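The values are calculated or read from the model by the stated rules, or taken from the named source; none is laboratory data. As the structure is a computational prediction, the values presented were derived from the model and not from experiment. We place every Cβ from the backbone using ideal geometry, glycine too, and count neighbours over all the protein chains shown. Ligands, DNA and RNA are excluded from the accessible area calculation, which covers all protein heavy atoms including side chains. Shrake-Rupley method; radii C 1.70, N 1.55, O 1.52, S 1.80 Å.
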Amino acid sequence: MTFRQRILFDRLLAVPVAVSLNAVVYLLGRILRRDHSIQPAATREIVVCKLVGMGSILQATPLLRALKQRFPQARVTFVALRANRDLLKRVEGVDRTLCLDDRGVLSMAWSSARILASLISSRPDHYFDLEVYSGFTCLLSLFSLARNRLGFYRHSNRFKKGIYTHLVYFNTRMPVRRIYLQLGCLAGVSTSANDVLGPVHIEPSERETLRKKLSDLGLAADQPFVLVNPNASDLLIERRWPKEYFVEAINRLAGNGNNIVLMGTRAEAAYVSSLLEGVSAGLRKRVFNTAGMLSLGELLALIDTAACVLTNDTGPMHMAFALQRPVVCLVGPADPVHYGMEGPNIVTLYAPVSCSPCIYEVDEPPCHGNNVCMKRLSPQLAADSVLTLL
């Protein structure tokens, strides 16, 4: 299922079901008077749900760490889409992963039933739903039969007041990692909890296979490089900086004597290759294309090895944050305060326009693909920012 198909399913089916059940559950709660206190000594099973977004999962690592400190004897189960399974194996604070198979409607239904059966049998004490707009995850939290269900609301809490026992306002003007921690505060997590992302585990064997693949491309292990991520997922393709801007920035950086490594998934390989075609012929010997070649572990090792990362606002940006690499972030449809980070080795380029940030407010961006917010970020500014960090 594509992102748009999942949105359509959620709006047409999951949200109406959740709305209809909300009042019923609210009345049952008033009648049954179930104990919703949160005590560490009585907590044995915690569930954290974030279905989509590797970046969002990495932004949740401070919450996972804080929950482990608050409930050291509890098992933490993370519920996500199958695409995030490998990443979750590398994140501290996750004891068990349950993954939804979203390749089709039937596989989604079957995996949902299997996950709910597993959750019900483990009798979760607290269920932290990190999705904000999803009716489907509301239903997952409800049918898990968790004693406490903690979640977010935006414009109104009437839709969720019965389903969730604890609600927090999702403020899009705050760093998302701090908002996730705010949800943890309802469970007794310290308000001063460390909000550093990560760590993310990389196997030594993955570092070795990466070195071999780079060597096969002609880049020796001791040669520094700038890593360029020109891609953006279908969550919002408008986050992608124009191709010709990346070409100009690469020409400037390579012309300054820097090696450039391009990255991307197998699905993004054709787009990345087309970008490489625009690089000046005399500079192509300094540009190395790894798109479609690397596993997730090798990609993490690549980011961890880079002298600097130039990236759109997407998953690899958050990986660079978690691995504490120097990074230049290209941000437009999103608020840089919300998903960005501050630090001496982080440069965020953002040129606000009247419709930015739109990513939290609308399904379809007002620009309909003409992402002026990204086009206002000049290639010279991006290249100069990389050179400054180098």
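Worth a mention:
- If R0 is taken as 22 Å, the Cβ-Cβ distance between S280 and D216 corresponds to a FRET efficiency of 0.40.
- In this calculation the C-beta distance from R11 to S192 is compared with R0 = 41 Å, giving a FRET efficiency of 0.60.
- MRE, 222 nm, helices only [DSSP H, n ≥ 4, -39500 (n - 2.57), over the chain, to nearest 500]: -11500 deg cm²/dmol
- Distant-in-sequence amide H partners of T97 (H built 1.01 Å from N, under 5 Å): F78
- Other residues lying with their Cβ under 12 Å from the Cβ of Y180 contribute a combined charge of +1, Lys and Arg counting +1, Asp and Glu -1.
- When you count the other C-beta atoms within 10 angstrom of each residue and take the mean per peptide, 254-266, 114-126 line up highest first as 254-266, 114-126.
- Using a probe of 1.4 Å on the protein chains alone, the accessible area found for T2 is around 70 Å².
- Taking amide H positions as modeled 1.01 Å from N, with prolines and chain starts lacking one, the residues under 5 Å from V287 and 5 or more places away or on another chain are I260.
- Equivalent-ellipsoid semi-axes for the stretch 269-381 (Cα gyration tensor, √(5λ), whole Å, largest first): 25, 19, 14.
- Rounded to 10°, Cα long-axis angle of helix 105-122 versus longest principal axis of the chain: 60
- Inter-label distance, nm, simple model (7 Å from Cα along the C-beta direction), R75/V132: 3.2
- Phi to ³J(HN,Hα) by Karplus 6.51 cos²θ - 1.76 cosθ + 1.60 over the stretch 253-259, Hz, x for Gly, Pro: 5, 5, x, 8, x, 8, 7
- Ordering Y164, Y271 by accessible surface, largest first, gives Y271, Y164; the 1.4 Å probe counts only protein heavy atoms, with every chain in place.
- Estimated FRET transfer efficiency when R0 is 35 angstrom, pair S121-Y360 (beta carbons, to 0.05): 0.45
- With Cα atoms, 0 to 90° folded angle of helix 61-70 axis to the chain main axis: 40
- Close amide-amide hydrogen proximity is noted between G292 and G264, T265, R266, each under 5 Å apart and 5 or more residues distant or on a separate chain (H modeled in the peptide plane; Pro and chain starts excluded).
- Residue of C367, C185, C49 that the Gaussian network model of the chain assigns the largest fluctuation, springs spanning Cα pairs under 10 Å: C367
- Separation in nanometres of the label points that stand 7 Å from Cα toward Cβ, at R33 and N345: 5.7
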